[in-house]
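K.L.:
This is the structure I have questions about; it appears just below.
What follows draws every value from the coordinates through simple rules; no lab data is involved. These figures come from a predicted structure and were not determined experimentally. Neighbour counts are summed over all protein chains in view; Cβ atoms, including those assigned to glycine, are modelled from backbone coordinates with ideal geometry.
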Amino acid sequence: MKPLIGILQGRLTPSSGRGIQFFPKDNWEQEFSDAREIGLGAIELLMRPKGLREHPLMTEAGRTRLREIRDTTHIAIPSVHGYYVPEDGYAKDLFDIVHATADLGAKVILVSFFHEKKLGILPDATWKRAHELLAPAARHAAQLGITLGIEAELPAQTVLDFIMQSETPSAFGSYYDLGNQFACGFPVVDEIRLLNTKIAGVHIKDRLLNTDPNEESTSVPFGEGCADLPAALNALRDIGYRRPLILQGARKEDGGELALNAQYKKYIEECL
């Protein structure tokens, strides 16, 4: 059985100056029909600190509508793309995201430490702060069967160390971004084998190799960067990974989102 191929919310909607990632406030329902049209099987919901409470996941009426659209289009909602900010209010926000995610029936919440690259050295006061803020949500997640997937441009062993230092390690997993890890020069196939069943989710992108530690390399279309996606997908198959593969490919001109992501889907199917 091959993993379901899905996409991050917002990637089927023209950017119109909103950047690479955004919640498509006026088009989120249409994205489910668009995903079905190009043969995708899932959408990962995208949460952002700004406007968090306006996202349909965060209201009862919104979750009811999400269930209706999910059941009508047969597009699964397996996961939620969350975030991390080292601010006092974050603990409650993540706790509430966990509760809403469980109510919807999704199983994984990505917690992104994308901008916390200095966390590569342990122990670190920044890690301690993160554990404090994550603790209430982690306890709640463990009770509800939700996994908090840590995404970070760090070695896999460092992510495992972070997980094991938490009060509730069973609540955590690794949300592994293939493009980011390849771009950082990490041994992706070996990392996948090391993480094994701790991989709670996978993002698929391609990037150029990082040459400046202070600047993120460019995201490029699949096959045009340094990511050996066939090798990574083979490694995921070997460890028995069966959760969805979420497309997060580079954008092109506005208006071509469906054709572009249909092309990305085909590329991954051929790799599989």
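K.L.:
How about K128: which lysines have a C-alpha closer than 29 Å to its C-alpha, ignoring those fewer than 8 places off in the same chain?
P.N.:
K50, K92, K107, K117, K118, K198
K.L.:
Turning to a different aspect of this structure: Based on the alpha-carbon gyration tensor of the stretch 116-272 and its eigenvalue square roots a ≥ b ≥ c, which shape applies: rounded if a/c is under 1.5, prolate if not and a/b is larger than b/c, or oblate? Write down the numbers at each step before the final one.
P.N.:
Numbers: a/c = 1.84, a/b = 1.53, b/c = 1.20.
Prolate is the answer for the stretch 116-272, as a/c is 1.5 or above and a/b outweighs b/c.
K.L.:
Compute the separation of the alpha-carbon centres of the stretch 140-210 and the stretch 241-272 and state it in Å as a whole number.
P.N.:
21
K.L.:
In the calculated pair distance distribution of the chain, what percentage of Cα-Cα distances lie above 31 Å?
P.N.:
Details: 7709 of 36856 pairs.
The calculated P(r) of the chain puts 21 percent of pairs beyond 31 Å.
K.L.:
Now, a different point. Report the charge-dipole magnitude of the stretch 5-271 in Debye, nearest 20, computed about the Cα centre from +1 at each Lys and Arg Cβ and -1 at each Asp and Glu Cβ. Present the calculation step by step, with values, prior to reporting the outcome.
P.N.:
Values: 29 positive and 37 negative charges, 97 e Å.
Approximately 460 debye in magnitude.
K.L.:
When the chain is fully extended, how far beyond the present Cα-Cα distance does E132 get from K252, taking 0.36 nm per residue of separation?
P.N.:
Details: separation 120, 0.36 × 120 = 43.20 nm, distance 3.95 nm.
So the chain would gain 39.2 nm between E132 and K252.
K.L.:
Let me ask something else. Provide the gained length on full extension for the span N214 to I20, in nm with one decimal, where the gain is 0.36 nm per separating residue minus the Cα-Cα distance.
P.N.:
On the way: separation 194, 0.36 × 194 = 69.84 nm, distance 1.95 nm.
So the chain would gain 67.9 nm between N214 and I20.
K.L.:
Return, ordered by residue number, the residues of the stretch 1-37 whose backbone nitrogen is under 19 Å from a label point located 7 Å along Cα→Cβ of R242.
P.N.:
Once the point is set 7 Å along Cα→Cβ of R242, 1-6 turn out to lie under 19 Å by backbone N, inside the stretch 1-37.
K.L.:
Which three extents, in angstrom, do the Cα atoms of the stretch 45-174 have along their principal axes, listed largest first?
P.N.:
47, 25, 25
K.L.:
Can you say what percent of the DSSP beta bridges in the chain, counting only those with both residues inside, are antiparallel? Round to 5.
P.N.:
Numbers: 2 of 29 bridges.
If we restrict to bridges inside the chain, about 5 percent are antiparallel.
K.L.:
With contacts defined as alpha carbon pairs under 8 Å and 6 or more residues apart, what's the relative contact order of the chain in percent? Please list the in-between numbers first.
P.N.:
On the way: 508 pairs, mean separation 52.4, N = 272.
Relative contact order, the chain: 19 percent.
K.L.:
Excluding R11 itself, calculate the net charge of residues whose Cβ lies under 11 Å from the Cβ of R11, where each Lys or Arg counts +1 and each Asp or Glu counts -1.
P.N.:
Value of the local net charge: -2.
K.L.:
Any idea what the dipole of the stretch 1-85 comes to, in debye rounded to 20, about its Cα centre with Lys/Arg Cβ at +1 and Asp/Glu Cβ at -1? Don't skip to the end; give the middle numbers.
P.N.:
Details: 12 positive and 10 negative charges, 54 e Å.
Taking the Cα centre of the stretch 1-85 as origin, the dipole is about 260 debye.
K.L.:
Still on this model: For the stretch 176-268, what does the equivalent ellipsoid look like in terms of its semi-axes, each the square root of 5 times an eigenvalue of the Cα gyration tensor, given largest first in whole Å? Before the final figure, lay out the partial values.
P.N.:
Working: eigenvalues 96, 63, 19 Å².
In descending order, the three semi-axes are 22, 18, 10 Å.
K.L.:
Quote to one decimal, in nm, the extra length available between H99 and Q30 on full extension: 0.36 nm per residue of separation minus the C-alpha distance between them. Write out the running numbers ahead of the final one.
P.N.:
Details: separation 69, 0.36 × 69 = 24.84 nm, distance 2.54 nm.
Length gained between H99 and Q30: 22.3 nm.
K.L.:
Classify the stretch 145-216 as rounded, prolate or oblate, taking a ≥ b ≥ c as the square roots of the eigenvalues of its Cα gyration tensor: rounded when a/c is under 1.5, otherwise prolate if a/b is larger than b/c and oblate if not. Let's see the in-between values first.
P.N.:
Details: a/c = 2.10, a/b = 1.83, b/c = 1.15.
It is prolate, given that a/c is not under 1.5 and a/b is the larger ratio.
K.L.:
Then there's this: Using a ≥ b ≥ c from the Cα gyration tensor of the stretch 8-79 (square roots of the eigenvalues), is it rounded, prolate or oblate, where a/c under 1.5 gives rounded and otherwise the larger of a/b and b/c decides, a/b for prolate? List each step's numbers first, then the result.
P.N.:
Details: a/c = 1.94, a/b = 1.11, b/c = 1.75.
In terms of gyration-tensor shape, oblate.
K.L.:
Take the cross-link list K205/K265; K25/K205; K205/K252 and give me the ones stretching past 20 Å between alpha-carbons.
P.N.:
Numbers: K205/K265 11 Å; K25/K205 24 Å; K205/K252 14 Å.
Listed pairs above 20 Å: K25/K205.
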